[in-house]
Every structure is written in structure tokens, then in C-alpha cells.
Ligand code: GLU
């Protein structure tokens with residue numbers, strides 16, 4: 001029998017796990033446990049230029065010392081490139097070679113997508129101009145009018161995105177030769193049977209692109225829940241430097257501090273428990289209650 005709930009935490013090993021990424025880890029873990037589901041960890045090291053050697057194992061060791069163990073074998077995206085290549089092949093004519101560089105795209109002044117990516121003006125949509133060679137592989141999004149993607153986020157509520165104007169044709173394979181996050185994440189979530197994605201709200205604007213890819217690849221769309229992002233006093237998203245976690249293996253007190261901090265950020269009103277096991281025992285029902293209460297409040301809105 002297949003498992004009815006498979007969740008995941010998918011850190012990029014660009015540095016040690018920090019207080020911000022711990023919130024996403026804890027939320028995804030609590031949601032999986034609350035559903036008696038499986039929780040898996042996937043190392044998203046597809047952007048090999050940004051990966052920091054050893055950060056993957058440091059993240060896994062830290063998760064272990066917090067009592068969070070992947071229910072299935074951990075996978076590394078850098079070892080799964082054949083899967084991404086096969087998916088790109090499957091996309092056929094929806095994907096096309098693009099010869100534009102960053103400057104040319106920015107010069108078109110269509111602006112940037114909510115996640116900061118420059119919106120592509122469609123220059124190479126109908127073929128590379130003579131004398132130009134392929135730099136990246138792009139996905140053609142539907143024309144305006146047929147480009148609307150709607151989904152219900154279990155935390156943020158209903159969301160709608162118009163791909164043509166809010167994303168434009170987006171990159172599947174980058175000019176540096178690495179597969180893009182959007183493709184790799186969709187392929188992996190489908191291949192690993194992920195039913196529920198719980199992650200930081202900084203990725204909510206990527207979701208429409210991912211749903212579009214899922215449809216083209218004929219794979220199911222998971223449920224989504226995006227939790228708020230931890231910011232520093234200046235309102236900036238925490239970086240690996242500013243939010244570093246000081247948890248050494250075996251230091252249960254520090255582990256509890258880090259977990260309590262993440263849980264309280266998520267709105268779980270927990271008192272400090274005596275042990276890690278007690279923390280998880282209290283946090284799971286508190287997570288369920290927080291989501292139920294949130295749902296009631298959202299429904300009660302006029
Ligand atoms: N690898 C991404 C990150 O660390 C998360 C991707 C995802 O959860 O979809 O920000």
C-alpha cells in the first residue's frame with residue numbers, strides 16, 4: 001500500500017543550517033508526523049557552484065541531533081542529473097534553446113519576477129537568431145489568458161499567478177550547465193512520491209511555475225503549505241551568517257533552545273519541555289491546533 005502522506009525537507013547545502021531554514025525543517029517534520037506520514041530529506045546541491053563542501057553532512061548531523069531523521073535514504077541532486085535530462089527531453093517542444101545573456105534580458109526592461117528573476121521577453125521563442133548559439137534551455141509558458149495558475153496554500157490561502165507576465169519563459173538548464181532548481185525540484189518531488197510540500201514563503205512565487213511543469217510532465221501536484229520566513233531586525237531574510245545555529249551534537253539544551261525558537265516562531269505556544277522527546281510530543285498536537293485555528297480564522301473572514 002502506498003503511503004498517504006510523504007513530506008520532505010530539501011535544504012541547499014550553501015552553508016550550515018540556520019535559524020531560518022530550521023523553521024522550514026521543523027514545520028515540514030511536524031506536518032509529516034501529524035499525518036502519520038513519511039518525512040524525507042533531500043540535499044539540493046544542484047547548483048554545485050554554490051554548494052559548500054561538508055555543509056550537506058553538517059546539516060544532516062544537526063538534524064539528527066534535533067531528533068529529525070529522514071525516513072528514507074537521503075538523496076543528493078548532484079547525483080540525479082540523468083533524471084533531470086530525461087524530464088527535459090520529455091518536455092519536447094515546450095522547451096527551447098535560448099541564446100540571450102543576462103544583460104540582454106535585463107535591457108528589455110520587462111521587470112523582475114517576485115523572486116528576483118528577470119522576466120524573459122521571448123526573444124528566442126521562435127528559434128535562435130542566425131549566428132547565436134544556445135546558452136540556456138527555457139520553458140515556454142502559455143500566452144496571457146491561458147497562463148493562470150491557481151492553488152490553495154494551506155497556510156497562506158488561495159493564490160493565483162499569471163505566468164506570462166509574472167514569470168515569463170523560465171530557465172530549465174542554466175548557461176553554466178547546471179539544471180535549474182525549478183526543474184530539479186519538480187522531478188524529485190514527483191519521483192520521490194512527495195504529496196505535501198511544506199517550506200518557506202520565499203518559495204511561494206515559484207509554486208505556479210512548478211505546477212505548470214508538473215502538468216506538462218504529467219505528474220501529480222502536491223499540496224502546499226508555505227510558512228513565514230524569519231527576518232532579521234532590518235526585515236531581511238536571515239542569511240547563513242546572521243542566523244547560525246550553535247548546536248553541538250549531544251547538547252540537548254541547545255537543541256531544545258533552537259527547536260523552541262522555531263516552534264514559537266511558527267505560533268506554537270510551547271513551554272520549555274524537559275527533553276527532545278517531550279518537545280516533539282508537545283509540538284505535534286500544537287501544530288495541528290495552530291493550523292486548525294488558522295483555518296477557522298480564515299473562514300471567518302467576511
Ligand atoms: N533548496 C531550497 C532551499 O534551500 C528549498 C527548495 C524547496 O523546498 O522547494 O531554499
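Please treat every number below as a calculation from the coordinates, not as lab data. The structure displayed is predicted, hence computed values, not measured ones. In this analysis, Cβ positions are derived from the backbone assuming ideal geometry, glycine residues included, and neighbour counts consider all displayed protein chains.
Put one equal scatterer on each alpha carbon of region 181-296, apply the Debye formula with no solvent term, and list log10 I(q)/I(0) at q = 0.17 1/Å to two decimals.
Reported log10 I(q)/I(0), two decimals: -1.05.
Hey, can you rank 222-232, 287-297, 204-214 by average C-beta count inside 10 Å, highest first?
Ranked by mean Cβ neighbours within 10 Å, highest first: 204-214, 222-232, 287-297.
Using only Cα atoms, locate the centre of region 246-300 and the centre of region 125-197, then give the distance between them in Å, rounded to an integer.
Their Cα centres are 34 Å away from one another.
At 1.306 mPa s and 10 °C, plugging the Kirkwood radius over alpha-carbon pairs of region 36-104 into Stokes-Einstein gives what diffusion coefficient in µm²/s?
Calculated translational D: 106 µm²/s.
What angle, in degrees between 0 and 90 and rounded to the nearest 10, separates the Cα long axis of helix 207-217 from the longest principal axis of the Cα atoms of the chain?
60
For residue 132 and residue 298, compute 0.36 nm times the residue count separating them, minus their Cα-Cα distance, and round to one decimal in nm.
Answer, rounded to one decimal: 54.6 nm.
Name the shape class, rounded, prolate or oblate, that the alpha-carbon gyration tensor gives for region 1-46, where a ≥ b ≥ c are the square roots of its eigenvalues, rounded holds for a/c under 1.5, and otherwise prolate holds if a/b is larger than b/c and oblate otherwise.
oblate
Could you pull the Rg and Dmax for region 84-125, using just the Cα atoms, both in Å?
12.4, 33
Grab the eigenvalues of the alpha-carbon gyration tensor for region 168-224, scale each by 5, take roots, and send me the semi-axes largest first in whole angstrom.
18, 13, 11
What is the angle, in °, between the Cα long axis of helix 252-265 and the longest principal axis of the Cα atoms in the chain? Nearest 10 is fine, range 0 to 90.
Roughly 60 degrees between the two axes.
Which value, in Å to one decimal place, does the Kirkwood hydrodynamic radius take for the chain when every pair of different Cα atoms is included?
The answer is 20.6 Å.
With runs of 4+ DSSP H residues as the only contributors, calculate the mean residue ellipticity of the chain at 222 nm using -39,500 (n - 2.57) per run, divided by the residue total and rounded to the nearest 500.
Calculated at 222 nm, the ellipticity per residue is -11000 deg cm²/dmol.
Please order 5, 84 by the number of other Cβ within 10 Å, starting at the fewest.
If I rank by nearby Cβ atoms, fewest first, I get 5, 84.
Take every Cα-Cα pair in region 122-201 and report what % of them are more than 15 Å apart.
70
Mind checking the angle between helix 181-191 and the chain's longest principal axis? C-alpha axes, 0 to 90 degrees, to the nearest 10.
That helix lies at roughly 60 degrees to the long axis.
Stretch residue 232-residue 191 to full length: gain in nm at 0.36 nm per residue minus the Cα-Cα span?
Stretched fully, the residue 232-residue 191 segment lengthens by 11.2 nm.
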